[in-house]
1. Got at least one residue in the stretch 361-371 being at pLDDT 80 or above, in the same structural domain as Leu132 (by TED's automatic domain parsing) and in contact with a Pro (Cβ under 9 Å, 6 or more places away or on another chain)?
2. Can you spot a residue in the stretch 62-69 that is touching a residue at least 24 places away in the same chain (Cβ under 8 Å) and either under 20 Å from Gly392 (Cβ atoms) or not in a helix (DSSP H, G or I) (or both)?
3. Checking Arg51 against (1) within 30 Å of Leu222 (Cβ to Cβ); (2) modelled with pLDDT under 85; (3) touching a helix residue (DSSP H, G or I) at 6+ places or on another chain (Cβ under 8 Å), which single condition isn't satisfied?
4. Being over 30 Å from Ala313 (Cα atoms), at pLDDT 85 or above and buried (at least 23 other Cβ atoms within 10 Å of the Cβ), is that true of even one residue in the stretch 433-455?
5. Identify, please: which residue in the stretch 189-214 is in contact with a helix residue (DSSP H, G or I) (Cβ under 7 Å, 6 or more places away or on another chain) and farther than 21 Å from Ile27 by Cβ and is, among those, surrounded by the fewest Cβ atoms within 10 Å (Cβ to Cβ)?
6. Would you be able to tell me the number of residues in the stretch 140-159 that are under 23 Å from the mean Cα position of the chain (by Cα) and assigned to a helix (DSSP H, G or I)?
7. Assess whether Leu400 counts as being surrounded by 22 or more Cβ atoms within 10 Å (Cβ to Cβ), in the same structural domain as Pro270 (by TED's automatic domain parsing), part of a helix (DSSP H, G or I) and modelled with pLDDT of 85 or more.
8. Only one residue in Gly266, Gly253 is touching a Phe, Trp or Tyr at 6+ places or on another chain (Cβ under 9 Å), surrounded by 21 or more Cβ atoms within 10 Å (Cβ to Cβ) and in a helix (DSSP H, G or I). Which one?
Amino acid sequence: MTLLDTTIVNVAMPSMQAGLGASLNDIIWVNSAYLLAFAVPLLMTGRLGDRYGPKRLYLVGLLLFVLASLACGLAGSSTALIAARAVQGLGAAAMTPQTMAFITHLFPADRRGAALGTWGSVAGLATVSGPLLGGVLVTHLGWQWIFFVNIPIGVLALVLLALWVPDLQTGRAHRFDVLGVVLCCLGLGLVVFGIQNGEHYGWGRVAGPVTIAGVIAAGAVLLVAFVLWQAAARNPEPLLPLRIFRNRDFSLGNVANVVIGFTVTGLFVPLVLFLQTVPKLSPLMAGLVTAPASAMSGLTAIFAGRWSNRPNAKVLPISGFLLLAAGIGAMTFLLHDGIQWVLIPSLVAAGTGMGLVYSPLTNISTKSLDRSLLGAGAGIYNTSRQFGNVLGSAAMGAVLQVTLAATGDFTAAVRATLWMLVAVLVVGLAAAAAFRPAGSAPVPDSRRAPDPGLSVPRSS
């Protein structure tokens with residue numbers, strides 16, 4: 001549900017905009033508020049899971065997510081919807097690190113690829129199937145139901161979680177880096193606000209002496225201060241243990257992870273808006289056009305996860321980034337106001353590329369981490385994906401609005417956004433190509449005992 005909700009809103013944006021009387025900038029914030037509230041707390045919620053147990057924190061996050069979904073569906077204004085989406089993002093942030101914690105602590109290194117393959121296929125399918133499911137719900141029931149549908153699913157998940165998921169107990173009491181949370185939250189929030197609202201304020205004055213450039217600069221300074229604070233010797237338990245980045249594959253994997261998050265968010269929002277704005281497709285038809293990407297992403301991720309345990313697994317994400325760039329590049333030449341089925345081959349290529357990236361990237365990035373760093377690694381890895389989502393949403397909104405204001409041509413604005421994604425994918429490709437060759441990176445012993453702070457209670 002958490003990943004589905006990053007994209008299911010996309011197909012409903014025109015309907016929400018009309019129903020709530022919102023501006024384009026307001027409606028983009030419906031997505032950005034969720035992504036921002038999702039991304040910022042991830043480092044902290046991973047530590048909370050260590051302290052109180054992943055199962056407990058997952059239950060709390062799931063309950064918060066379900067209640068916020070109800071509030072989203074009942075919202076009568078764009079402001080109320082944005083606020084409810086932010087709360088929904090907080091619930092998602094509480095849940096997400098716990099899923100990785102279960103996988104990394106319950107599966108040894110030699111079986112983790114298959115587990116991550118299943119997890120990655122579900123994650124990839126959820127992310128890119130949002131437009132199709134959203135199209136069905138908006139066409140037949142109204143945009144509110146893209147949120148109401150979470151309620152029965154969430155209630156069922158609560159029951160299954162309570163009955164079937166093991167309770168990983170922790171014996172360690174973590175200190176919480178309050179200053180780190182504040183610096184990261186304010187810094188990222190200011191940068192995203194500045195990028196996404198720049199066109200709205202003409203890239204000039206916001207209020208009084210406050211300018212868009214000043215807002216972005218202040219956010220950047222706070223993010224630098226956050227990194228410096230994490231490196232400070234007097235910070236006993238940082239949110240971001242910088243020593244983890246000495247692991248080459250983990251560092252490169254997080255760069256590539258930001259890129260894939262940026263790309264998925266930056267692709268489907270403008271594409272679905274284009275399909276409903278220019279050729280005037282219904283929400284359902286717009287979802288059907290993008291459905292091949294969903295199918296190929298989910299199918300490919302299953303096999304790619306299993307193959308990621310083999311030597312030279314880096315070939316998988318390299319191929320994935322190449323296919324993504326080729327597919328998105330082809331779309332820029334195929335956008336027009338006529339028949340949109342010509343987009344399907346390029347969407348198949350893009351979806352296959354996503355499937356080749358998701359699971360192998362996770363396995364390659366984390367398999368050589370020491371078990372003592374797996375918890376922190378999972379939190380950082382999840383954060384980097386969501387950080388990419390946030391930046392992708394903000395950059396997409398900025399490019400879309402700037403180009404539209406300059407040309408008045410929505411198709412040209414979408415093309416500019418897609419070319420931006422192709423340029424960003426080059427960075428992901430370079431990171432994947434720089435992964436260590438097979439056999440050159442140390443792999444933790446899968447027979448080692450789990451982290452001493454965690455234990456799985458025996459069933460009676």
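1. Scanning the stretch 361-371, I find at least one residue that is at pLDDT 80 or above, in the same structural domain as Leu132 (by TED's automatic domain parsing) and in contact with a Pro (Cβ under 9 Å, 6 or more places away or on another chain), so the answer is yes.
2. No, every residue in the stretch 62-69 fails to be touching a residue at least 24 places away in the same chain (Cβ under 8 Å) and either under 20 Å from Gly392 (Cβ atoms) or not in a helix (DSSP H, G or I) (or both).
3. Failing condition for Arg51: (3).
4. No: the stretch 433-455 contains no residue that is over 30 Å from Ala313 (Cα atoms), at pLDDT 85 or above and buried (at least 23 other Cβ atoms within 10 Å of the Cβ).
5. Within the stretch 189-214, the subset in contact with a helix residue (DSSP H, G or I) (Cβ under 7 Å, 6 or more places away or on another chain) is 189-201, 203-204, 206, 212.
Add one more test, that the residue is farther than 21 Å from Ile27 by Cβ, and what stays is 190, 204.
Values: Leu190: 20, Gly204: 9.
Filtering the stretch 189-214 for residues that are in contact with a helix residue (DSSP H, G or I) (Cβ under 7 Å, 6 or more places away or on another chain) and farther than 21 Å from Ile27 by Cβ, the one surrounded by the fewest Cβ atoms within 10 Å (Cβ to Cβ) comes out as Gly204.
6. To start, the set of residues in the stretch 140-159 that are under 23 Å from the mean Cα position of the chain (by Cα) comprises 143-151, 153-154, 157-158.
Pick out the ones that are also assigned to a helix (DSSP H, G or I) and you get 145-148, 150-151, 153-154, 157-158.
Here the count works out to 10.
7. On the way: surrounded by 22 or more Cβ atoms within 10 Å (Cβ to Cβ): yes; in the same structural domain as Pro270 (by TED's automatic domain parsing): yes; part of a helix (DSSP H, G or I): yes; modelled with pLDDT of 85 or more: yes.
Against the criterion (surrounded by 22 or more Cβ atoms within 10 Å (Cβ to Cβ), in the same structural domain as Pro270 (by TED's automatic domain parsing), part of a helix (DSSP H, G or I) and modelled with pLDDT of 85 or more), Leu400 qualifies.
8. Numbers: Gly266 fails: touching a Phe, Trp or Tyr at 6+ places or on another chain (Cβ under 9 Å).
Just a single option satisfies the conditions, and that option is Gly253.
The values are calculated or read from the model by the stated rules, or taken from the named source; none is laboratory data. Quick caveat: nothing in here was measured; it's all calculated off a predicted structure. Please note: Cβ atoms are built from the backbone with ideal geometry, for glycine as well, and neighbour counts cover all protein chains shown.
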